[in-house]
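Bear in mind that the values in this text are calculations on the coordinates, not laboratory data. As the structure is a computational prediction, the values presented were derived from the model and not from experiment. Quick reminder, even Gly has a Cβ in these numbers, built from the backbone with ideal geometry, and neighbours come from all protein chains shown.
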Amino acid sequence: MFAQSVFRLRCALWLSAVGILLLLGACAEEPSAIERVQAEGVLRVITRNSPATYFQDRNGETGFEYELVKRFADDLGVELQIETADSLDELFSSLNRENGPALAAAGLVASEGRKQSARFSLPYLQVTPQIIYRNGQPRPTRAQDLLGKRILVLKGSSHAEQLAELKRDLPELQYEESAAVEVVDLLRMVDEGQIDLTLVDSNELAMNQVYFPNVRVAFDLGDSQALGWAVAPGEDASLLNEVNAFIRRAHENGVLDRLKARYYGHVDVLGYVGAYTFAKHLQQRLPRYEKFFRQAAQKNELDWRLLAAMGYQESLWQPTATSKTGVRGLMMLTLRTAQAMGVSDRLDPKQSIDGGAKYIVHVKAQLPESILEPDRTWFALAAYNIGGGHLEDARKLTEAEGLDPNKWLDVQKILPRLSQKQWYSKTRYGYARGGEPVHFVRNIRRYYDILTWVTQPQLEGGQVAVGNMHVPGVNKEKPDEQLPPL
Ligand code: BLG
């Protein structure tokens, strides 16, 4: 009897001990993915170093993926730490490694083949895979036309997956994959004729068309596909849920549209012809004047790329340009402006650039102090084009409309009114072609962005010809010799 009750007591003790252990076990449960990020105070993200994703410019880290993921880290209230992978295979193995980065944000197509190595978020961008060929060669228009061509794609890419699938129907199809290159290299190789064709996403082409004058779209290979961020497949859903909520917000509040326009909108703004014409002029014309832009910029404490962007907008870098209104030269100075700036020959490119540089500094200094950077630069450009008086008229109309006369975004909406009688009749300086400075500023900002991406910080200081095509994101440590033989 006694022994039995002792046994019962022991059982009860043992059971409660197990219960406590179980409870303790529950308390010591692994923290979730989001709890780990929050506890560390750091969001570690793996990406690719390319102009369409992440790269360094004169202001530091930048790129579409970087800007988006930075906003996500800010929303979480944690620091962002970027790691880069040299190839897509390396990217996925890093993501899946123990204590690896929490998130991959690298312009990744959420493809079927990747489901084993990644768990994808909601889409943040739709892209279309495009076959790219070289201008002057016969244009392929369907899958059959790919046969017998030298085709190179990124190793481990969704494009390699797509071609493998296509090969099932077209067994004669030949293509190669390389882990030693980035998309910009593929486009450059098509541009220079080292390969016949490649397959890239539409956003990558839109971004890079401005660097490669000979690159053209042959045809779309299949439907549009979704880009997503990814976590490791074994990971719990907590971080992915936060990502999805963030992406939903970014769709709603216009952040995604703005980033898309800024990074992938060159072709939208310039048009395809404008984009490859710019690329051609970047190689052929800018090198002739780059030295003058740099010297004038240094003398006047300006960014030479802004001056070069102005020169492109004014004359497509042509020193003998003349407008219908008799404005002349690379920087399109009026006779009056030229005289005021001490320019004796407007057709001399060096004099024109010096005069333009001096004049932009002059008009900027005349602007009211209430206009702050970066808007101040855009207002100065507008004044360069339309004159300070008309710009002041537009600012007054802007204020009367209840908008902010110190914000370029607001004033540019009102400027076109200067060419409508009902509005200009109320102004001090009267009629002006108010739409012109709006295009002028928009285009210069676009060229300025592109020039910023072409010229990397480590190349600054020396005399570096942009014509040599220093495209951001190209890994200079990988010489061409390492590329697979084709
Ligand atoms: C600018 C002058 C301003 C002048 C305005 O015109 O020229 N800028 C320069 O000379 C650098 O000084 O302002 S004002 O002095 O206060 O009157 C207004 O007259 C030049 C503009 C005009 C424009 N491009 C630089 O942006 C031009 O050529 N437009 C004509 C285009 S088209 O050929 O008729 O289509």
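What does the charge count around Phe212 come to, taking other residues whose C-beta lies under 13 Å from its C-beta (Lys +1, Arg +1, Asp -1, Glu -1)?
With Lys, Arg at +1 and Asp, Glu at -1, the neighbours total 0.
Can you give me the pair-distance distribution of region 379-456, C-alpha pairs, 10 Å bins, whole percents?
Calculated P(r), rounded to whole percents: 21, 49, 20, 8, 2.
Rounded to the nearest 10 degrees, what's the angle between the helix 388-400 long axis and the longest principal axis of the chain, both from Cα atoms, 0 to 90?
Here the helix axis deviates by roughly 50 degrees.
In Å, what Rg and Dmax follow from the Cα atoms of region 65-179?
My reading of the Cα-based Rg and Dmax gives 17.4, 53 Å.
What is the distance in Å between the Cα centroid of region 143-166 and that of region 435-455?
Result: 36 Å between the Cα centres.
Can you tell me the Rg and Dmax of region 326-399, counting just the alpha carbons, in angstroms?
13.1, 41
Ordered by residue, what ³J(HN,Hα) values in Hz, to whole numbers, does region 126-142 give under the Karplus form 6.51 cos²θ - 1.76 cosθ + 1.60, where θ = phi - 60° and Gly and Pro are x?
Each residue's phi maps through the Karplus curve to give 9, 10, 10, x, 10, 7, 10, 10, 9, 4, x, 8, x, 7, x, 10, 8 Hz.
With each pseudo-label sitting 7 Å past Cα toward Cβ, what's the Asp348-Gln298 distance in nm, one decimal?
2.0 nm
When Tyr429, Tyr175 are ordered from fewest to most other Cβ atoms inside 10 Å of their Cβ, what list results?
Tyr429, Tyr175
Assuming a ≥ b ≥ c are the square roots of the Cα gyration tensor eigenvalues, decide whether region 142-283 counts as rounded (a/c under 1.5), prolate (otherwise, with a/b larger than b/c) or oblate. Working shown, then result.
Values: a/c = 2.25, a/b = 1.22, b/c = 1.85.
Oblate, since a/c reaches 1.5 and b/c is not below a/b.
Classify region 300-360 from the C-alpha gyration tensor, please: rounded if a/c falls under 1.5, else prolate or oblate depending on whether a/b exceeds b/c. Can you show the working numbers first?
Values: a/c = 1.83, a/b = 1.17, b/c = 1.56.
Oblate, because a/c is 1.5 or more while a/b does not exceed b/c.
In the chain, with Lys and Arg counted as +1 and Asp and Glu as -1 at Cβ, which of these residues, Ala382, His159, Leu240, has the Cα nearest the positive end of the dipole, that is, farthest along it?
Ala382
Taking the Cα centre of the chain as the origin, how large is its charge dipole in debye, to the nearest 20, when only Lys and Arg (+1) and Asp and Glu (-1) carry charge on their Cβ atoms? Write out the running numbers ahead of the final one.
Working: 56 positive and 61 negative charges, 403 e Å.
The calculation lands at about 1940 debye.
Take region 42-90, drop everything but the C-alpha atoms, weight them equally and run the Debye formula without solvent; then report log10 I(q)/I(0) at 0.27, 0.29 Å⁻¹ to two decimals.
-1.04, -1.12
Which whole-number percentage describes the relative contact order of region 202-293, with Cα contacts under 8 Å and a sequence gap of 6 or more? Don't jump to the answer; show the numbers that get you there.
Numbers: 47 pairs, mean separation 52.8, N = 92.
Value for region 202-293: 57 percent.
Take every Cα pair under 8 Å in the chain that's 6+ residues apart, average their separations, divide by the length, and report that relative contact order as a whole percent.
On the way: 760 pairs, mean separation 74.6, N = 486.
The value is 15 percent.
Please name whichever of Gln284, Tyr431, Leu170 sits farthest to the positive end of the charge dipole of the chain, dipole taken about the Cα centre and charges placed at Cβ: Lys and Arg +1, Asp and Glu -1.
Value: Tyr431.
DSSP beta bridges in the chain, what fraction antiparallel, as a percent rounded to 5?
Numbers: 23 of 38 bridges.
That works out to approximately 60 percent antiparallel.
Taking neighbour counts of Cβ atoms within 10 Å as a proxy for exposure, in what order, fewest first, do Glu242, Glu373 appear? Spell out each step's value before the answer.
Working: Glu242 20, Glu373 8.
Least to most surrounded, the residues fall as Glu373, Glu242.
Determine the equivalent ellipsoid of region 278-334 by diagonalising the alpha-carbon gyration tensor, then write out the semi-axes as square roots of 5 times the eigenvalues, largest first, rounded to whole Å.
Three semi-axes, in Å: 19, 15, 8.
Find the relative contact order for region 303-420 and round it to a whole percent, using C-alpha pairs within less than 8 Å whose residues are 6+ positions apart. Intermediate results must be reported in sequence, preceding the final value.
Details: 133 pairs, mean separation 17.0, N = 118.
Relative contact order, region 303-420: 14 percent.
Which semi-axes, in whole Å and largest first, does the equivalent ellipsoid of the chain have when worked out from the alpha carbon gyration tensor as the square roots of 5 times its eigenvalues?
52, 32, 20
Within a 10 angstrom radius of the beta carbon, how do Thr325, Thr277 rank from fewest other beta carbons to most? Don't jump to the answer; show the numbers that get you there.
Numbers: Thr325 9, Thr277 15.
Starting with the residue having the fewest Cβ neighbours, the order is Thr325, Thr277.
What net charge do the residues around Leu173 carry, taking every other residue with its C-beta under 14 Å from that of Leu173, with Lys and Arg at +1 and Asp and Glu at -1?
-3
Going Cα to Cα from Lys70, which aspartates and glutamates come in below 19 Å? Please leave out same-chain ones fewer than 8 positions away.
The qualifying aspartates and glutamates are Glu35, Glu40, Asp57, Glu61, Glu79, Glu83, Glu242, Glu252, Asp257.
Any of Lys260/Lys299; Lys115/Lys155; Lys364/Lys396; Lys280/Lys350 with alpha carbons more than 25 Å apart? Name them for me.
Beyond 25 Å between Cα atoms: Lys260/Lys299.
Could you check the simple spin-label distance between Thr320 and Lys167, using points 7 Å along Cα→Cβ, in nm with one decimal?
Distance between the two pseudo-spin positions: 5.4 nm.
Which listed residue (Pro349, Gly326, Ala309) has the Cα farthest towards the positive end of the charge dipole for region 309-371, taking +1 on Lys and Arg C-beta and -1 on Asp and Glu C-beta about the Cα centre?
Result: Gly326.
About the Cα centre of region 214-333, what is the dipole size in debye to 20, counting +1 per Lys and Arg Cβ and -1 per Asp and Glu Cβ, all else neutral?
That gives region 214-333 a dipole magnitude of about 960 debye.
If I take all pairs of Cα atoms in region 202-314, what percentage of them are more than 22 Å from each other?
56 percent
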